[in-house]
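Please read the structure below before turning to the comments.
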Amino acid sequence: MTIATRGRSIAVSGFLLSGAVGIISSTQTWLTVERADAAEAILVPGAAALPLLAPLSLAVLALGIALSIVGPVVRLVFGVLSTAAALFLGWSTLQLLVSEPLAAVGGTVTETTGLAGSAAIADLVAGIELSSWPVVTLIGWVVLLAASLLVLVTWRRWKSGGRRYRTDAAHVESASGPVDAIDSWDDLSRGTDPTR
């Protein structure tokens, strides 16, 4: 089988994996703030460092679950939405990795110490140490981007998965005369009541 024929299962797996990584990492410590007053370090979780991390990760999980049953046009829309989410989350996570993330720790520092204002926070912060969670999360967004691009490339070639749940499909009329147990079972499988 080629990637095009297995596009649905690969894409859904990529969405679910990256969404799960995002949710898990939102609860983990991303940044450790060393204080200039030699007090105990302040731990900043992913959800505080990147406020949209948890909600967008939940949205990615929901898109992954829905992607397995939606029609072709909605698949395309989901592919576009997930590409935008992957780019936004990837860029935001990358910004934390390459710059001094003073703004990302500001809310947690204010909540912990009661100090507000960028100057006061900058005076209190002696250093910020990154954990490995932002890197793991960034890898998750790369997986999401790859899965989203796979959806955009292969969405037309997916088999339709919702036919088995439809009750308006054409079905064979039962023969006139006595109905046996197998015919009754087949009628029930098609969604009709054999007792009528």
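Criterion first (touching a residue at least 24 places away in the same chain (Cβ under 8 Å), open to solvent by less than 60 Å² (accessible area, probe 1.4 Å) and within 16 Å of Gly22 (Cβ to Cβ)) does Leu102 satisfy it?
Working: touching a residue at least 24 places away in the same chain (Cβ under 8 Å): yes; open to solvent by less than 60 Å² (accessible area, probe 1.4 Å): yes; within 16 Å of Gly22 (Cβ to Cβ): no.
Criteria not met by Leu102.
Quick check on my filter: what residues within the range 114-148 are without any contact (Cβ under 8 Å) to a residue 60 or more places away in the chain and part of a helix (DSSP H, G or I)? Quick ask: steps written out before the conclusion?
Quick first cut of the range 114-148, residues without any contact (Cβ under 8 Å) to a residue 60 or more places away in the chain only: 114-122, 132, 135, 138, 142.
Passing the criteria: Ser118, Ala119, Ala120, Ile121, Ala122, Val135, Leu138, Val142.
If I go through the range 72-99 residue by residue, how many of them are farther than 11 Å from Ala49 by Cα and in contact (Cβ under 8 Å) with a residue 40 or more places away in the chain?
So the answer is 15.
Could you give every pair whose Cβ atoms fall below 7 Å, whose first residue belongs to the range 48-59 and is closer than 12 Å to Leu89 by Cα and touching a residue at least 12 places away in the same chain (Cβ under 8 Å), and whose second residue is open to solvent by less than 40 Å² (accessible area, probe 1.4 Å) and of a type in the set (Lys, Arg), counting only separations of at least 6 or pairs across chains?
none
Which one of Ala85, Ala41, Ala47, Ala59 is farther than 27 Å from Thr154 by Cα and within 16 Å of the chain's Cα centre (by Cα)?
Ala47
Just for the range 27-73: of the residues that are open to solvent by less than 60 Å² (accessible area, probe 1.4 Å) and among the β-branched types (Val, Ile, Thr), which one is farthest from Ile128 (Cα to Cα)?
Val70
Considering only residues of the range 107-120 that are within 14 Å of Thr32 (Cα to Cα) and touching a helix residue (DSSP H, G or I) at 6+ places or on another chain (Cβ under 9 Å), which is surrounded by the most Cβ atoms within 10 Å (Cβ to Cβ)? Working first, answer last.
Going residue by residue through the range 107-120, those that are within 14 Å of Thr32 (Cα to Cα) are 107-109, 112.
Checking which are touching a helix residue (DSSP H, G or I) at 6+ places or on another chain (Cβ under 9 Å) leaves us with 107-109.
On the way: Gly107: 15, Thr108: 18, Val109: 22.
Among residues in the range 107-120 that are within 14 Å of Thr32 (Cα to Cα) and touching a helix residue (DSSP H, G or I) at 6+ places or on another chain (Cβ under 9 Å), the one surrounded by the most Cβ atoms within 10 Å (Cβ to Cβ) is Val109.
The values are calculated or read from the model by the stated rules, or taken from the named source; none is laboratory data. These numbers were taken from a predicted model, which means no experiment stands behind them. Neighbour counts are summed over all protein chains in view; Cβ atoms, including those assigned to glycine, are modelled from backbone coordinates with ideal geometry. We work out accessible area using only protein heavy atoms, side chains counted, and drop any ligands, DNA or RNA first. Shrake-Rupley method; radii C 1.70, N 1.55, O 1.52, S 1.80 Å.
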